[in-house]
1. I'm told ALA16 meets every condition in (1) on the phi < 0 side of the Ramachandran plot; (2) in a loop (DSSP other than H, G, I, E, B) except one. Can you identify the failing condition by its number?
2. Check THR19, THR83 and return the single one that is among the polar types (S, T, N, Q) and in contact with a His (Cβ under 6 Å, 6 or more places away or on another chain).
3. Within the range 300-307, identify whether any single residue is in the same structural domain as ALA16 (by TED's automatic domain parsing), over 26 Å from TYR170 (Cα atoms) and of a type in the set (Asp, Glu), and answer yes or no.
4. Would you check which residues across the range 302-350 are in contact with a Phe, Trp or Tyr (Cβ under 6 Å, 6 or more places away or on another chain) and basic (Lys, Arg) and list them?
5. Assess whether ALA62 counts as being assigned by TED's automatic domain parsing to the domain that holds ILE278, touching a Lys or Arg at 6+ places or on another chain (Cβ under 8 Å) and touching a residue at least 12 places away in the same chain (Cβ under 8 Å).
6. With ALA16, ALA5, ALA43, ALA12 as the choices, which residue is modelled with pLDDT of 95 or more, farther than 13 Å from ALA293 by Cβ, crowded, with 24+ Cβ neighbours inside 10 Å and not polar (S, T, N, Q)?
7. Do we have THR147 as of a type in the set (Val, Ile, Thr), surrounded by 14 or more Cβ atoms within 10 Å (Cβ to Cβ), in contact with a helix residue (DSSP H, G or I) (Cβ under 8 Å, 6 or more places away or on another chain) and assigned by TED's automatic domain parsing to the domain that holds VAL122 here?
8. Scanning for something over 16 Å from the mean Cα position of the chain (by Cα), in a helix (DSSP H, G or I), crowded, with 19+ Cβ neighbours inside 10 Å and in contact (Cβ under 8 Å) with a residue 24 or more places away in the chain, does the range 82-92 turn up at least one residue?
Amino acid sequence: MVDVAVVGGGPAGCAAALTLRTCGVVTTIIASPRPREKPTETAVPRLKHLLQSLGAGEALVACEPCYGIESSWGAPGPVLRPTILDPSGHAWFIHRDRFDASLVRLAGAAGAVRLEAEATSVSFADDRVIVSTTAGPVEAKSLVIATGSPAWAARATGQKPVTMDSLLCYWARLAVPIESRLLHVESTESGWWYVCTGEAATMHACFLTDAKGSRQFAPSKPEQWNALFQQTRLSHQHVLGDRAGQIHCLPVSVAGLACRHGPRWVAAGDAALKLDPIGSSGTATALESGALAARALLAGEQGNTAAAESYDRWENGLLAEFLKRRTPLYAAETQKYPVGFWARRAHFPK
């Protein structure tokens, strides 16, 4: 039996494992042998500090500078918001495939054992947690759930996830480079787009819409996605004439758990609270959440509930700040597009 089983091998799970190993805790990471391909993400400047605090500064080799955001939120044309003047330095582009692989390697170097298997269910006994996996059961004293979605965590802990908004991201890798080191964002009547640099002279273009928009515009079909993209200012501004041959779909709901921790378990990262990409904070908050969740779990085992309460306050504050920042942006777009996608956003919690 191990001390802690971590379900999920992404940034939150690896941050939890690195934190646990720093405390000498015997840790097993249960991670899918078939990780989902992810587009390049952006992260706030504090990413560098977070990685260094975890002893994972080497993972920055999978990142490159992002010097700002050029967006048309609430404006007739693109407006540049540079990040180079931030006291913490510039923001970052994260090439997720290499980034996640680097974190997994660093967690392994710290002594965490990786089990490549699908976690199927969890049962709680008086003195242990039993995680059923496709490679057999794993018994642990405690559990960190970092599955990247609240749905699995909710089933495992007998809850229902709280969903505040449901979006879908349809993204493609285009075989053309984008010269700027900026995140470019454009709102349209049917949703919003962003484009950014990829690896090896490629770029990623991502379209976010909701279920009704998905049914109406069928962006999962390459011909439909390409037609929508060619109508954007972004495709013409950057002369992005390459056509996508494959479209990937990624759910990016705003959702979370009503209860994020309990006896012998804690949820971390997107499993505890999942936010859409508008805040460019997903990976950074996943790292911080994983570390805080691990500390809360260890403190709880020693009878100290203050760390768990602090973790709850941090997660609640994260959601409140996200909604505070998103609300005026969405309201501005509703003024431009009073029907359709943006009008439907007005019905979700502020």
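The values are calculated or read from the model by the stated rules, or taken from the named source; none is laboratory data. Model, not experiment: these values are computed from the prediction. Cβ sites come from the backbone with ideal geometry, for glycine too, and all protein chains shown count toward neighbours.
1. Of the numbered conditions (1) on the phi < 0 side of the Ramachandran plot; (2) in a loop (DSSP other than H, G, I, E, B), the odd one out for ALA16 is (2).
2. Every option except THR83 fails the conditions.
3. Scanning the range 300-307 turns up at least one residue that is in the same structural domain as ALA16 (by TED's automatic domain parsing), over 26 Å from TYR170 (Cα atoms) and of a type in the set (Asp, Glu).
4. ARG345
5. Considered against the rule, which asks whether it is assigned by TED's automatic domain parsing to the domain that holds ILE278, touching a Lys or Arg at 6+ places or on another chain (Cβ under 8 Å) and touching a residue at least 12 places away in the same chain (Cβ under 8 Å), ALA62 comes out as no.
6. After applying the criteria, what remains is ALA5.
7. yes
8. no
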